[in-house]
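Engineer: Sharing a structure with you now.
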Amino acid sequence: MSRLWAKILPECARVEIFAQTRSERGKIKPSIETGEVVTCQVFVACLPFSDYAFVIAVRSQCVEDFIYALRCCLEAFGGVTEMLVPDNLKSAIVKANLYEPGVNQVLEDFANHYQTAVVPTRVCSPQDKALVENQVKMIYTRVFARLRKVQFFDIHSLNAAIRDKTRDHNQTRMQQKKYCREEQFLSKEKPLLRALPDEPFEIKYYRKLTVAKNNHVLLQQDKHHYSVPYQHIGSKVKVIYTRSMVYFYIKGELVAVHPRVYHPGYSTTPDHLCSTHRHYLDRSPEYYLQKALNISPELHELFRLMFAQKRHPEQVYRSCQGVLSLQRKTPEATFKKACAMAMEVEQYSYGFIQNIIKNKMTEIPEVSKKETLPEHENIRGKAYYKQSTLNFDNNETT
């Protein structure tokens, strides 16, 4: 049975060669400017038969870094073992128990994805992990010791140097053996490994949320709303999201899937909407113009002028919705006259038409036009004022 022993070195075993930090403003600056040395943690794993080792430096012992190191390990081996044997760190084991240890949910998802099992070592039982403990001792000598005088300014260059030294370690011929660890691994142990899955593992995060009245669920981390079928409005939904996807479950049944979006907004599937909400997706200038034409020519002309303005379409859509709402609640003659008055003064807005109707301005009688003065001999015409030189006749002299 193929196994993988994995261990992250404890606090006292930190290596202090990752030297990069952040300034107060959040910009990355190398330690050559700040003079600060930043420590990191080292993940060590090995296979049981060949003793083939894998080493990588990570920023911390958090779950994300531990899973990343474990994934890189399996990819470097080119296959999956039947069993993972981690140490009892919190990133892997939530509750240590001799018979039924509590495995971290993320590590359990990782094991299910790679079709393997997690069997942690017993607490305070170094004999359960003798192979990896021996590897740690050799890694100190063959990797850390040879890099102790080298300064690194990012974790990627550190891991590149660790890979080179680890490869030398795996290619070093073992005592009283005619082969090295790499030869034994390639010839005997690698063929026993299971194939890697087609898709790499992504960490899953879990939330319990409620479907809003607009049949959307707000993922607060991204301030983004995702739609679910309208039949589940008001229901509790289990949200499982990864770096790239968001899944929604109700009573164990998958009801919706969306690509994850990292900015505020809405992701809506048309099939999730009820008939009263679905028309919002079909909105366009042509939609409102046709709707207005079916009501009255005055409303159609008003909408045409509204869309001719330099405003965002969504703003005009809202104004059109408001005007249509006024049309449903206002007598036909009054509404037509209000539209005509708004166009006469070139005020194409919902608020202006609402004020006309609210203040009953359509009931004010029109002011009659002033009558023109009758023509008589004492009135000078426009030709008189166009003269460059004024000529006064005796008849015009007062």
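Engineer: Give me, ordered by chain and number, the residues 5 or more places off V237 or on other chains with an amide H under 5 Å from its own placed amide H.
Structural biologist: Under 5 Å from the amide H of V237: L209, T210, V211.
Engineer: Moving on to the next point. Restricting attention to the stretch 206-271, which trypsin sites (Lys or Arg not before Pro) occupy a DSSP loop and are surrounded by at most 12 other Cβ atoms within 10 Å?
Structural biologist: Sites meeting the loop and neighbour criteria: K213, K223, R243, K251.
Engineer: Can you list the lysines whose alpha carbon is less than 20 Å from that of K165, not counting same-chain residues fewer than 8 positions off?
Structural biologist: K7, K137, K149
Engineer: Hey, another quick one. Considering only DSSP states other than H, G, I, E and B, which trypsin sites (Lys or Arg not before Pro) in the stretch 141-196 qualify as loop sites with at most 13 other Cβ atoms within 10 Å?
Structural biologist: Within the stretch 141-196, the qualifying trypsin sites (Lys or Arg not before Pro) (loop, at most 13 other Cβ atoms within 10 Å) are R148, K149, K177, K178.
Engineer: Under a point spin-label approximation (7 Å from Cα along Cα-to-Cβ), what is the L305-V37 distance to one decimal in nm?
Structural biologist: Placing both labels 7 Å beyond Cα along the Cβ direction yields 7.8 nm.
Engineer: Using the Karplus equation 6.51 cos²θ - 1.76 cosθ + 1.60 (θ = phi - 60°), what ³J(HN,Hα) coupling, rounded to whole Hz, does each residue of the stretch 268-274 give in order, writing x for Gly and Pro?
Structural biologist: Couplings: 10, 9, x, 5, 7, 8, 7 Hz.
Engineer: Calculate the FRET efficiency for S284 and K223 from the Cβ-Cβ distance with a Förster distance of 22 Å, rounded to the nearest 0.05.
Structural biologist: Calculated transfer efficiency: 0.20.
Engineer: Test of understanding: ordering Y247, Y114, Y287 by Cβ neighbours within 10 Å, fewest first, what list do you get?
Structural biologist: Y287, Y247, Y114
Engineer: Another question, if that's okay. Just to be sure I understand the model, the point goes 7 Å from the Cα along the line to the Cβ. What's the resulting M83 to R243 distance in nm?
Structural biologist: 3.1 nm
Engineer: Note the full-extension length gain between R122 and L254 as 0.36 nm times their separation in residues minus their Cα-Cα distance, in nm to one decimal.
Structural biologist: In short, 43.8 nm is gained.
Engineer: Just want to confirm a number: the relative contact order over the stretch 205-274, from Cα pairs under 8 angstrom separated by 6+ residues, in percent.
Structural biologist: Across the stretch 205-274, relative contact order equals 34 percent.
Engineer: Along the stretch 128-142, what does the Karplus equation 6.51 cos²θ - 1.76 cosθ + 1.60 (θ = phi - 60°) give for ³J(HN,Hα), rounded to whole Hz, x for Gly and Pro?
Structural biologist: Working through the residues one at a time gives 6, 10, 4, 5, 6, 5, 5, 5, 4, 4, 6, 5, 4, 7, 9 Hz.
Engineer: Here is a further query. When only Cα pairs under 8 Å and 6 or more residues apart are kept, what is the percent relative contact order across the stretch 81-181?
Structural biologist: 20 percent
Engineer: Let me ask you something else. Tell me, what ³J(HN,Hα) does each residue in the stretch 82-93 have, in order and in whole Hz, if you take phi through Karplus 6.51 cos²θ - 1.76 cosθ + 1.60 with θ = phi - 60° and put x for Gly and Pro?
Structural biologist: 6, 8, 10, 10, x, 6, 8, 7, 5, 5, 10, 10
Engineer: Once amide H atoms are placed 1.01 Å from N in the peptide plane, what residues at a sequence separation of 5 or more from V118, or on another chain, have their amide H within under 5 Å of its amide H?
Structural biologist: So V118 has HN proximity to L84.
Engineer: Measure out, as a whole number of angstrom, how far apart the alpha-carbon centroids of the stretch 218-256 and the stretch 173-197 sit.
Structural biologist: Taking the Cα centre of the stretch 173-197 as reference, the centre of the stretch 218-256 is 45 Å away.
Any read-out appearing in this document is the output of simple, stated calculations on the displayed coordinates, not a laboratory observation. Source: prediction; values computed, not measured. When we count neighbours, we look across all protein chains shown, and the Cβ atoms used for this are built from the backbone with ideal geometry, even at glycine.
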